[in-house]
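The values are calculated or read from the model by the stated rules, or taken from the named source; none is laboratory data. Source: prediction; values computed, not measured. Virtual Cβ from ideal backbone geometry, glycine too; neighbours counted across all protein chains shown. We work out accessible area using only protein heavy atoms, side chains counted, and drop any ligands, DNA or RNA first. Shrake-Rupley method; radii C 1.70, N 1.55, O 1.52, S 1.80 Å.
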Amino acid sequence: MKLVIPNIIWHGDKERIMAIAIHPTQNLLLTGGSDSKIAEKDNLSEDVGVIKMWTILENSTKIVEFAGAINYGHDQTVNCLKFSPNGKYFASGSDDYKIIIWNQQVRQTFGQSEPRLQWWPFSILTGHCKEIYDLQWSKNGEILVSGGLDKYVIVWNVKKQKQLQTLDGHTAYVQGITIDPRLKSIVSLSQDRTARVWKVLKAQKKNINSLQFYPQHVVRKLENAQKTDIQQQTSQEQQQQQQIEEKKQNGIFLGETSLFTFVRRPDWSPDGSFYILPAAEFWVDNKPIMGAYGFLRQSPQVPCFFLPTKTPALVIRFCSKYFNRNQDIQQPLIDLPYKMIFAIGTIDSLLLYSTDSPIPLAIFGNLHYASITDICFKGSNLIAVSSCDGFCSFVQIEEGYFGQEVPIEQLPEYIRVLYNNDKIEEEEVPKKNEESKTQDIVTEQRVEYKETQDGKKKKVIIPKTLQINQQNQI
């Protein structure tokens with residue numbers, strides 16, 4: 001396992017990176033944030049929302065290479081990015097109150113000699129009246145959920161390009177969203193120190209076009225916490241004790257005074273058995289301990305475990321792969337027939353966990369000069385981390401480090417059905433020469449029409465590749 005921080009100017013000189021995403025099958029990485037733009041007339045600096053594309057270089061010390069930028073669509077900072085589960089689309093949310101759904105299309109733009117396969121806006125979703133801070137796709141790729149500074153959670157039908165429902169209940173900014181992979185509930189995390197669980201109506205589970213959710217639980221404090229009646233005393237010591245007890249009873253999540261941050265991003269496990277909420281605290285001996293709470297789907301209002309961190313936890317992300325359990329472990333974190341991997345990003349650290357143990361697999365400290373904003377996995381071999389300091393860091397993981405991977409076909413039926421819609425429609429491309437000593441990285445594609453023997457024209461997709469000499473790699 002190796003930590004790498006490339007010396008790259010990602011988004012301008014001092015621009016923060018708010019989101020990072022990796023395509024589920026391609027070597028494509030996206031970063032979202034802003035770039036400084038100098039106006040010609042008044043020489044003033046303005047933040048322009050931008051999405052940058054990077055090619056992930058396998059077996060290379062460079063890690064990534066710039067592949068292009070999308071500097072249109074959004075007028076302000078891009079705060080969140082997510083690929084759809086099948087990789088056909090990705091969604092971006094911004095300070096300009098807009099959500100844009102992008103997909104790959106073959107087009108010829110001004111200045112190009114031939115058509116190319118590029119990312120273009122598929123639809124623009126408008127409904128938020130303030131900045132958008134987080135969004136998440138459903139496992140089937142048909143539903144998108146977003147949250148922002150207007151305190152609302154909005155449910156969207158992506159195919160119909162329409163708003164299905166606005167969930168109202170939070171009293172402060174919504175900074176994190178996650179969806180149950182089985183599409184039975186949504187969890188939102190807010191600056192008001194609450195997490196809200198929204199459950200789908202039973203009568204509408206099979207009708208995506210009219211999907212509706214209702215507030216099931218408000219997670220504010222530990223339900224088994226006993227309230228103590230403290231009599232009014234005049235001594236200073238007893239007054240301080242009363243203030244501590246009031247803080248303990250006030251909630252299990254950090255408030256704005258304790259944690260000023262842009263994001264509080266939770267995540268569901270890939271199998272839908274539990275979810276983890278960051279920005280949490282647990283009181284021991286009248287002292288708060290920072291960390292994250294885990295909740296089983298059977299009891300979404302009561303946490304089943306707490307994972308401590310030295311600094312406030314901000315982002316939770318799961319690896320999409322499943323692994324064989326270590327049978328020698330007697331007390332796992334979650335008792336499952338398989339093992340899952342997840343990461344917790346704090347203000348300055350990255351912690352890796354497995355469901356086999358409450359003890360971290362690895363801890364990477366002092367990663368960045370500013371708080372971590374997002375995390376994403378590329379399979380089980382690479383973890384990408386973005387930060388407000390304008391840099392990204394990567395953790396390279398050896399093959400087999402987490403154990404033997406379990407194929408989807410060998411998982412229980414209730415998990416296999418979640419992956420029925422994950423197949424990607426791939427277009428035919430020329431086969432790679434196996435004897436070549438160079439590695440081809442596809443950065444973009446173009447369309448050509450070749451004449452066949454019978455006189456007909458055949459459409460052929462030609463990839464434009466970046467060739468890396470393997471003999472010169474370290």
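Determine, from the Cβ-Cβ distance of GLN105 and ASN286 and an R0 of 51 Å, the FRET efficiency 1/(1 + (r/R0)^6), rounded to the nearest 0.05.
On the way: r = 59 Å, r/R0 = 1.16.
Approximately 0.30, to the nearest 0.05.
Using a 1.4 Å probe over the heavy atoms of the protein chains, calculate the carbon and sulfur portion of the accessible area of segment 153-208 as a whole percent. Walk me through the numbers before you get to the answer.
Working: 970 of 2200 Å².
Carbon-and-sulfur percentage of accessible area, whole number: 44.
Using amide H atoms built 1.01 Å from N in the peptide plane, name the residues 5+ places from TRP283, or on other chains, whose amide H lies under 5 Å from its own.
ILE289
Could you derive backbone 3J(HN,Hα) for segment 397-411 from the dihedral phi with the Karplus parameters 6.51, -1.76 and 1.60 (θ = phi - 60°), listing whole Hz in sequence and x where the residue is Gly or Pro?
In residue order, the calculated couplings are 10, 5, 4, x, 4, 8, x, 7, 6, 9, x, 4, 5, 9, 7 Hz.
For the ranges 97-104, 259-266, what's the packing order if you count other beta-carbon atoms within 10 Å of each residue, average per peptide, and put the highest first? The partial results should precede the final answer.
Numbers: 97-104: 19.5, 259-266: 21.9.
Highest to lowest by the protection proxy: 259-266, 97-104.
How far, in nm, would the chain grow between MET1 and LYS14 when pulled straight, counting 0.36 nm per residue and subtracting the alpha carbon separation?
Working: separation 13, 0.36 × 13 = 4.68 nm, distance 2.90 nm.
So the extension gain works out to 1.8 nm.
From the cross-link list LYS162/LYS221; LYS2/LYS321; LYS199/LYS378; LYS14/LYS378; LYS139/LYS159; LYS130/LYS162, which pairs have alpha carbons spaced over 24 Å apart? All intermediate terms of the calculation are to be shown ahead of the outcome.
Numbers: LYS162/LYS221 35 Å; LYS2/LYS321 20 Å; LYS199/LYS378 30 Å; LYS14/LYS378 27 Å; LYS139/LYS159 14 Å; LYS130/LYS162 18 Å.
Violating the 24 Å limit, Cα to Cα: LYS162/LYS221; LYS199/LYS378; LYS14/LYS378.
Calculate one ³J(HN,Hα) per residue across segment 269-275 by plugging θ = phi - 60° into the Karplus curve 6.51 cos²θ - 1.76 cosθ + 1.60, and present them in order as whole Hz with x for glycine and proline.
5, x, 8, x, 7, 7, 9
Please check which bits of segment 336-364 a label hung off ALA370 would reach, taking the label as a point 7 Å along Cα-to-C-beta and the cut-off as backbone N under 17 Å.
Counting backbone N atoms under 17 Å from the label point, the list is 346-349.
Could you pull out every residue, at least 5 positions away or on a different chain, whose amide H is within less than 5 Å of the one on ASP35? Hs are placed 1.01 Å off N in the peptide plane, and Pro or chain starts have none.
VAL48, VAL50
Taking H placed 1.01 Å from N in the peptide plane, check which residues at least 5 places from LEU57 or on another chain put their amide H under 5 Å from its amide H.
Here ILE63, VAL64, GLU65 satisfy the definition.
Residue by residue through segment 171-183, what is 3J(HN,Hα) from phi via Karplus (6.51 cos²θ - 1.76 cosθ + 1.60, θ = phi - 60°)? Round to whole Hz and write x for glycine and proline.
Running phi through 6.51 cos²θ - 1.76 cosθ + 1.60 with θ = phi - 60° gives 9, 8, 4, 8, 10, x, 9, 8, 10, 4, x, 8, 6 Hz.
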